[in-house]
Amino acid sequence: MSTLSVPKQLDRRGFLRMGAGALATASAAFEWGRHLTTRACKSAPPNPFVADGKPLLVAVEGEDLHAMLRAGIEALGGLDPLAKLGREAIFRGNYVMSQPYPVTTAPEFVLAVAAELKSAGVSKTSLFDSSGTRLSAAIPPERMLRRLGVLDKLTQGGVPVLARDFADPDEFVFVQNPAWPIAKPVAVHRLLYEAPIVVSLPVVKRHEWVNFTCALKMHFGSVAMADRMLVHTKDSEGRSGLMHQRLVHFADAVRPQLNIVDARAILARSGPGLGGGAEIVRGVNKLILSGDMAAVDAYCARLMAKHDETFTLDMVAPQLRHAAALGLGKADLDAVKVVEIRA
């Protein structure tokens, strides 16, 4: 295990304070926009990765990233189901702050997945991120990716980076699912809403507000900052239940066709970044592949419980129950075909 102190880097509260005026203006614009056209959530095809009538989840253990990825894809049945949906895919990574893997998605992992998709016939891949705004000179959209070296590494590797403004109403589509217990629409990035293929590349981390980040919580970065800010409020008793529900709605607005989790290492005890007692647990050495977001989080929550004695499965139960209720997958792993292999 290792820890790192980052006093010179912005924490989440500092980040929000930095652009508070600009974000307040953008929030007002979004509130106005919600009264305009609201669409249904993205229509996504059924999970193509199934076996014996159950969603398929493949967990690969090993030390060679490329060998693990190839073995996992083979056990998944190949990527032909994605190639049938189109020739262009957008990757979603986790870039909550400018700290390297496992706080953020590793660029070598993105490039490895891109190569496998290209071999399967998906000829164009790009990485989407939205962690800044041009309304504030201090936090432009590409700032974090440039600091991490992700922008240069992916561009040089033939994977364009689409860094989008999290506060520009023109970038978003307002969507709503009548099954959501929270009636307000969500502003999801238009690029993700219209993409024929979305492949999510989560990391596994603790989180100070909702305890756990993986496939579902990933999609905070898929919606407008106005939506992200709203759910950081707590109820009168100091609980953050609104976030447990809303993070599932954000995931519902995107519905990626495939999730590939890089759990070669995980961030334990605290998060979503280093500091505050967070510890990197190395040697986990797993990749997890599935078209089922709820199953991915249920499996990866068990990984976290194994490596972090301060974490329990009850901590992630509210969001898993809500995801299952909305049809985002199977939270009960007994209802999932789990295949564990070594590569």
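Just one of (1) more than 26 Å from F109 (Cβ to Cβ); (2) out of contact with any Leu (no Cβ under 6 Å at 6 or more places or on another chain) trips up V188, so point out which.
(1)
Yes or no: E340 in a loop (DSSP other than H, G, I, E, B) and out of contact with any Phe, Trp or Tyr (no Cβ under 6 Å at 6 or more places or on another chain)? Reasoning before the result, please.
Numbers: in a loop (DSSP other than H, G, I, E, B): no; out of contact with any Phe, Trp or Tyr (no Cβ under 6 Å at 6 or more places or on another chain): yes.
For E340, the condition - in a loop (DSSP other than H, G, I, E, B) and out of contact with any Phe, Trp or Tyr (no Cβ under 6 Å at 6 or more places or on another chain) - is not met.
A quick yes/no check of all residues on (1) assigned to a helix (DSSP H, G or I); (2) surrounded by 17 or more Cβ atoms within 10 Å (Cβ to Cβ); (3) out of contact with any Phe, Trp or Tyr (no Cβ under 8 Å at 6 or more places or on another chain):
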| position | (1), (2), (3) |
| --- | --- |
| A298 | yes, yes, yes |
| A301 | yes, yes, no |
| K306 | yes, no, yes |
| T310 | no, no, yes |
| L320 | yes, yes, yes |
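Quick test for you: out of T125, T104, pick the one residue that is closer than 30 Å to L85 by Cα, modelled with pLDDT of 95 or more and either in a loop (DSSP other than H, G, I, E, B) or charged (D, E, K, R) (or both). Write out each step before concluding.
On the way: T125 fails: either in a loop (DSSP other than H, G, I, E, B) or charged (D, E, K, R) (or both).
The match here is T104.
Just to be sure, is R190 closer than 26 Å to R246 by Cβ, surrounded by fewer than 16 Cβ atoms within 10 Å (Cβ to Cβ) and modelled with pLDDT of 95 or more? Don't jump to the end; show me each part of the working.
Working: closer than 26 Å to R246 by Cβ: yes; surrounded by fewer than 16 Cβ atoms within 10 Å (Cβ to Cβ): yes; modelled with pLDDT of 95 or more: yes.
Taking the combined requirement at face value, the residue satisfies it.
Do we have any residue at all in the stretch 35-44 that's closer than 20 Å to L289 by Cβ, modelled with pLDDT under 90 and surrounded by 13 or more Cβ atoms within 10 Å (Cβ to Cβ)? Walk me through it before giving the result.
Keep residues of the stretch 35-44 that are closer than 20 Å to L289 by Cβ, which gives 44.
Checking which are modelled with pLDDT under 90 leaves us with 44.
Checking the rest, the ones that are also surrounded by 13 or more Cβ atoms within 10 Å (Cβ to Cβ) come to 44.
Taking every residue of the stretch 35-44 in turn, at least one turns out to be closer than 20 Å to L289 by Cβ, modelled with pLDDT under 90 and surrounded by 13 or more Cβ atoms within 10 Å (Cβ to Cβ).
Please identify the pairs in which a residue from the stretch 77-100 that is under 16 Å from G271 (Cα atoms) and free of Cβ contacts under 8 Å to residues at least 60 places away in the same chain has its Cβ atom under 7 Å from the Cβ atom of a residue that is of a type outside the set (D, E, K, R) and surrounded by 20 or more Cβ atoms within 10 Å (Cβ to Cβ), counting only partners at least 6 apart or on another chain.
Filtered contacts from the stretch 77-100: P100/L148.
Any idea which residue in the stretch 274-296 is surrounded by the most Cβ atoms within 10 Å (Cβ to Cβ), counting only those that are assigned to a strand (DSSP E or B) and among the hydrophobic types (A, V, I, L, M, F, W, C)? Before the answer, list the steps.
Here is the first cut: in the stretch 274-296, the ones assigned to a strand (DSSP E or B) are 279-290.
Remaining after also requiring among the hydrophobic types (A, V, I, L, M, F, W, C): 280-281, 284, 287-289.
Numbers: I280: 19, V281: 20, V284: 19, L287: 24, I288: 26, L289: 24.
My answer is I288.
One residue is enough: does the stretch 38-47 have a residue meeting the conditions touching a residue at least 12 places away in the same chain (Cβ under 8 Å) and assigned to a helix (DSSP H, G or I)? Step through it out loud before you land on a result.
Just the residues of the stretch 38-47 that are touching a residue at least 12 places away in the same chain (Cβ under 8 Å), to begin with: 38-42, 44-45, 47.
Applying the additional criterion that residues be assigned to a helix (DSSP H, G or I) yields none.
No, the stretch 38-47 contains no residue that is touching a residue at least 12 places away in the same chain (Cβ under 8 Å) and assigned to a helix (DSSP H, G or I).
Where residues in the stretch 193-240 are in a loop (DSSP other than H, G, I, E, B) and closer than 18 Å to E171 by Cβ, which of them is modelled with the lowest pLDDT?
Quick first cut of the stretch 193-240, residues in a loop (DSSP other than H, G, I, E, B) only: 195-197, 202-204, 206-212, 214-216, 224, 231-240.
If we keep only those that are closer than 18 Å to E171 by Cβ as well, we get 195, 224.
Details: A195: 96, A224: 93.
Across the stretch 193-240, the extreme among qualifying residues is A224.
Right, E309: acidic (D, E) and free of Cβ contacts under 8 Å to residues at least 40 places away in the same chain or not? Please lay out each step first, then the result.
Numbers: acidic (D, E): yes; free of Cβ contacts under 8 Å to residues at least 40 places away in the same chain: yes.
Against the criterion (acidic (D, E) and free of Cβ contacts under 8 Å to residues at least 40 places away in the same chain), E309 qualifies.
With the condition kept exactly as written, say whether any residue in the stretch 122-130 is surrounded by fewer than 18 Cβ atoms within 10 Å (Cβ to Cβ), touching a residue at least 12 places away in the same chain (Cβ under 8 Å) and more than 17 Å from the chain's Cα centre (by Cα).
Yes, that holds for at least one residue.
Tell me, please, whether a residue that is surrounded by fewer than 22 Cβ atoms within 10 Å (Cβ to Cβ), hydroxyl-bearing (S, T, Y), touching a residue at least 60 places away in the same chain (Cβ under 8 Å) and touching a helix residue (DSSP H, G or I) at 6+ places or on another chain (Cβ under 9 Å) can be found in the stretch 134-154.
Yes, some residue in the stretch 134-154 is surrounded by fewer than 22 Cβ atoms within 10 Å (Cβ to Cβ), hydroxyl-bearing (S, T, Y), touching a residue at least 60 places away in the same chain (Cβ under 8 Å) and touching a helix residue (DSSP H, G or I) at 6+ places or on another chain (Cβ under 9 Å).
Check F91, F109 and return the single one that is of a type outside the set (D, E), on the phi < 0 side of the Ramachandran plot and assigned to a strand (DSSP E or B).
None of the others qualify; the one that does is F91.
Within the stretch 261-273, is there a residue that is within 25 Å of L191 (Cβ to Cβ), in contact (Cβ under 8 Å) with a residue 60 or more places away in the chain and not in a loop (DSSP other than H, G, I, E, B)?
First, the residues of the stretch 261-273 that are within 25 Å of L191 (Cβ to Cβ): 261-262, 272.
When the remaining residues are screened for being in contact (Cβ under 8 Å) with a residue 60 or more places away in the chain, the result is 261-262, 272.
Next, from what is left, pick out any that are not in a loop (DSSP other than H, G, I, E, B): 261-262.
Yes: one or more hits.
Condition test on F250, is it among the aromatic types (F, W, Y) and under 15 Å from the mean Cα position of the chain (by Cα)? Break it down stepwise before answering.
Details: among the aromatic types (F, W, Y): yes; under 15 Å from the mean Cα position of the chain (by Cα): yes.
Yes, satisfied.
Among the residues of the stretch 270-283, how many are aliphatic (A, V, I, L, M) and either at positive phi or touching a Lys or Arg at 6+ places or on another chain (Cβ under 6 Å) (or both)?
Within the stretch 270-283, the subset aliphatic (A, V, I, L, M) is 274, 278, 280-281.
So of that shortlist, the ones also either at positive phi or touching a Lys or Arg at 6+ places or on another chain (Cβ under 6 Å) (or both) come out as 278.
Result for the stretch 270-283: 1.
The values are calculated or read from the model by the stated rules, or taken from the named source; none is laboratory data. For clarity, every value in this text was computed on a predicted model and none was experimentally measured. Here the Cβ is made from the backbone with ideal geometry for all residues, glycine too, and neighbour counts use every protein chain on show.
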